[in-house]
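**Q** Structure incoming, see below.
The values are calculated or read from the model by the stated rules, or taken from the named source; none is laboratory data. If you're wondering where the values come from, they're calculated on a predicted model, not measured in any experiment. Counting neighbours? That spans all protein chains shown, and the Cβs are built from the backbone with ideal geometry, glycine included.
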Amino acid sequence: MQTKGLKLTDVLTTVVVAIVFGIVYKVWGPLYYAVKPLGLHLDQLIYGMWFIAATVAYLLIRKPGVALLAEVAAASGEFLAGSEWGLEVLFYGFVQGLLAELVFAAFRYKRFDVAVVSLAAVGSTIASLVLDFYKGYIDQLAWWNLTLFIGARFVGAIIIAGVFAYSLVKALEATGVTQLLRPTTKEDYDSLDK
Amino acid sequence: MRWGIEHKETWLHQTNPTAKLLLFLPMFVVIVFVHNPNVLINWTIGFIALFMLFSGYRMKHVLLFFVPFLFIFISTSSSMILFGKGETTWFRWGLIHITEESFYRGVHLGFRTLLFAIFGLMFALTTKPVLLFYSLMQQAKLKPKYAYSFLAAIRLLPIMLEEFQTVHQALKVRRAAKANGFRGKLELVKRYAIPLLSQSIRRAQRIAVAMEAKAFTNERPRTFYYEVTLGKYDVYLLVVICTIVALGYYVADMFPYVAIKDVR
């Protein structure tokens with residue numbers, strides 16, 4: 001039933017969807033530092049948008065490796081579009097995609113609900129925090145400030161890359177376009193026998 | 001990706017894209033483990049000089065490219081300056097607590113981000129995406145199905161932009177291009193995203209079928225329309241980067257701007 005590995009169709013669809021998000025990622029940059037001066041890490045609430053390619057692509061195509069590929073592709077798209085953050089987006093994209101992928105793998109690529117996607121968003125958040133720890137000395141912030149920073153990022157990630165990504169894909173399912181993408185399931189075969 | 005801005009083809013454009021990527025990427029790791037602000041300031045000066053002299057773009061364009069960097073510099077350094085830990089207090093007002101340590105740490109972070117941004121911009125402005133993916137296939141043995149997928153996706157971008165315009169105008173004429181409140185804004189994002197994504201997926205499917213028919217997937221040794229090789233310019237780049245890195249360390253040691261050697 002399910003073929004091993006990604007076929008060209010899967011890769012191309014993932015990359016195309018991811019590059020769309022790559023443009024969103026690029027546009028998100030100016031928005032992020034426009035919100036920043038409002039103070040007290042409000043900007044962290046919208047950070048989660050940078051995790052959304054992985055979760056949306058996984059929900060759409062439902063195959064192993066798609067989340068990682070999507071996040072890397074989206075980061076590359078952002079990078080090639082001339083991101084203000086330059087090189088670091090490639091590293092962030094890779095690590096964020098990897099942790100999201102690991103969450104999906106932990107459920108053996110069998111669950112496609114809000115909870116799993118939100119958990120993947122949490123995974124990506126942890127990945128970004130680990131890099132921030134090395135790059136941004138975030139451990140040197142005052143503790144109340146650091147708590148606010150981390151808390152806001154987790155909340156934003158779950159809302160945007162978890163819940164919102166899920167509802168986006170649900171809406172896409174209504175258009176029927178997702179039937180083109182997903183591997184045939186056991187139910188599909190069962191329905192033929194009826 | 002270059003936005004069609006007029007420029008000269010300098011030796012930086014002639015370097016091998018994979019080599020350039022492999023020279024730039026380790027710099028991220030190197031920079032993250034530098035804690036001396038003097039070194040970072042010197043490197044920033046050095047690489048900005050490299051960019052201005054050899055990117056082949058006109059000075060007024062280069063200065064325009066640098067405008068967003070200013071925002072990033074301020075936005076990355078400000079949190080640390082205002083809320084960072086430190087001993088020597090300079091200023092305290094409510095939650096804001098500026099110390100000498102947090103100030104230098106903040107500025108250090110600003111320069112760090114600035115350096116990443118310069119490397120990113122230098123790469124993006126001197127590399128043709130098409131040659132990057134051809135080079136990745138030839139030098140880095142990236143599988144053709146990935147490389148050609150990226151190339152196809154990049155070619156689809158103008159169509160997507162056009163579609164975005166169409167959707168935007170269609171919504172505007174129906175007075176549906178604006179929304180209030182947080183929920184409203186999310187609804188609005190969907191209103192744009194659903195048609196754009198569904199059309200992109202359909203198009204990707206059609207293109208994928210065509211590409212499979214034309215054997216873009218086969219893993220056997222293949223020939224390439226663009227032959228990308230390594231050359232003397234890659235050596236130049238290596239030498240230039242090493243020189244700037246070494247000089248930065250030397251100057252930071254001999255003529256420091258600030259007395260602090262470690263901002264942690």
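**Q** For A:ILE19, which of the numbered conditions (1) surrounded by fewer than 18 Cβ atoms within 10 Å (Cβ to Cβ); (2) at the interface with chain B (Cβ under 10 Å from one of its Cβ atoms) fails to hold?
**A** Tallying (1) surrounded by fewer than 18 Cβ atoms within 10 Å (Cβ to Cβ); (2) at the interface with chain B (Cβ under 10 Å from one of its Cβ atoms), A:ILE19 fails exactly one: (1).
**Q** Under 8 Å between Cβ atoms, at least 6 apart or on separate chains: pull out the pairs that start in the range A:138-156 with a residue that is at the interface with another protein chain (Cβ under 9 Å from one of its Cβ atoms) and end on any residue that is modelled with pLDDT under 95 and part of a strand (DSSP E or B).
**A** A:GLN140/B:GLY84; A:LEU141/B:GLY84; A:ALA142/B:GLY84; A:ALA142/B:HIS97; A:PHE149/A:LEU141
**Q** Let me ask something else about it. Filter the range B:123-164 down to the residues that are of a type in the set (Val, Ile, Thr) and part of a helix (DSSP H, G or I), then identify the one that is surrounded by the fewest Cβ atoms within 10 Å (Cβ to Cβ). Don't jump to the end; show me each part of the working.
**A** To start, the set of residues in the range B:123-164 that are of a type in the set (Val, Ile, Thr) comprises B:126-127, B:130, B:154, B:159.
From what's left, part of a helix (DSSP H, G or I): B:126, B:130, B:154, B:159.
Details: B:THR126: 23, B:VAL130: 16, B:ILE154: 21, B:ILE159: 12.
Of everything passing the filter in the range B:123-164, B:ILE159 is surrounded by the fewest Cβ atoms within 10 Å (Cβ to Cβ).
**Q** Here is a follow-up. Assigned to a helix (DSSP H, G or I), within 11 Å of another protein chain (Cβ to nearest Cβ) and touching a strand residue (DSSP E or B) at 6+ places or on another chain (Cβ under 9 Å) - does that describe any residue in the range A:160-171? Working first, answer last.
**A** Residues of the range A:160-171 that are assigned to a helix (DSSP H, G or I), as a first pass: A:160-171.
Of the ones still in play, those that are also within 11 Å of another protein chain (Cβ to nearest Cβ) are A:160, A:163-165, A:167-171.
Filter once more, keeping what is touching a strand residue (DSSP E or B) at 6+ places or on another chain (Cβ under 9 Å): none.
No, the range A:160-171 contains no residue that is assigned to a helix (DSSP H, G or I), within 11 Å of another protein chain (Cβ to nearest Cβ) and touching a strand residue (DSSP E or B) at 6+ places or on another chain (Cβ under 9 Å).
**Q** Something else now. List every residue pair whose Cβ atoms lie under 7 Å apart, where the two residues are 6 or more positions apart in sequence or sit on different chains, the first residue falls within the range B:156-173 and is farther than 20 Å from B:ALA204 by Cβ, and the second residue, located anywhere, is surrounded by 11 or more Cβ atoms within 10 Å (Cβ to Cβ).
**A** Here the result reads B:HIS168/B:ALA177; B:LEU171/B:ALA177; B:LEU171/B:ARG191, each pair linking the range B:156-173 to a residue that is surrounded by 11 or more Cβ atoms within 10 Å (Cβ to Cβ).
**Q** If you go through the range B:208-224 one residue at a time, do you hit one that is within 11 Å of chain A (Cβ to nearest Cβ), surrounded by 12 or more Cβ atoms within 10 Å (Cβ to Cβ), part of a helix (DSSP H, G or I) and in contact with an Asp or Glu (Cβ under 7 Å, 6 or more places away or on another chain)?
**A** So far as the range B:208-224 goes, no, none of its residues is within 11 Å of chain A (Cβ to nearest Cβ), surrounded by 12 or more Cβ atoms within 10 Å (Cβ to Cβ), part of a helix (DSSP H, G or I) and in contact with an Asp or Glu (Cβ under 7 Å, 6 or more places away or on another chain).
**Q** Return a yes/no flag: does the range A:75-91 have any residue that is among the hydrophobic types (A, V, I, L, M, F, W, C), within 12 Å of chain B (Cβ to nearest Cβ) and over 30 Å from B:GLN199 (Cβ atoms). Let's see the steps before the verdict.
**A** Restricting attention to the range A:75-91, the residues satisfying the condition of being among the hydrophobic types (A, V, I, L, M, F, W, C) are A:75, A:79-81, A:85, A:87, A:89-91.
The next check asks that each one be within 12 Å of chain B (Cβ to nearest Cβ); those that pass are A:75, A:79-81, A:85, A:87, A:89-91.
Those still in the list that are over 30 Å from B:GLN199 (Cβ atoms) too: A:87, A:91.
For the range A:75-91, residues among the hydrophobic types (A, V, I, L, M, F, W, C), within 12 Å of chain B (Cβ to nearest Cβ) and over 30 Å from B:GLN199 (Cβ atoms): present.
**Q** For residues that are more than 24 Å from B:ALA213 (Cα to Cα), more than 9 Å from every other protein chain (Cβ to nearest Cβ) and over 21 Å from the mean Cα position of the chain (by Cα), tally how many sit in the range B:124-163.
**A** Counting residues in the range B:124-163 that are more than 24 Å from B:ALA213 (Cα to Cα), more than 9 Å from every other protein chain (Cβ to nearest Cβ) and over 21 Å from the mean Cα position of the chain (by Cα) gives 3.
**Q** Now for a separate question. Which condition from (1) more than 29 Å from A:LEU8 (Cα to Cα); (2) modelled with pLDDT of 90 or more; (3) within 7 Å of chain B (Cβ to nearest Cβ) is the one that A:TYR47 breaks?
**A** (3)
**Q** Related question: Exactly one condition in (1) over 28 Å from the mean Cα position of the chain (by Cα); (2) at the interface with chain A (Cβ under 8 Å from one of its Cβ atoms) is not met by B:LEU196; state its number.
**A** Answer for B:LEU196: the failing condition is (1).
**Q** Determine which single condition B:PHE69 fails, assuming it passes every other condition in (1) over 26 Å from A:LYS135 (Cα atoms); (2) within 10 Å of another protein chain (Cβ to nearest Cβ); (3) aromatic (Phe, Trp, Tyr).
**A** With (1) over 26 Å from A:LYS135 (Cα atoms); (2) within 10 Å of another protein chain (Cβ to nearest Cβ); (3) aromatic (Phe, Trp, Tyr) applied to B:PHE69, the lone miss is (1).
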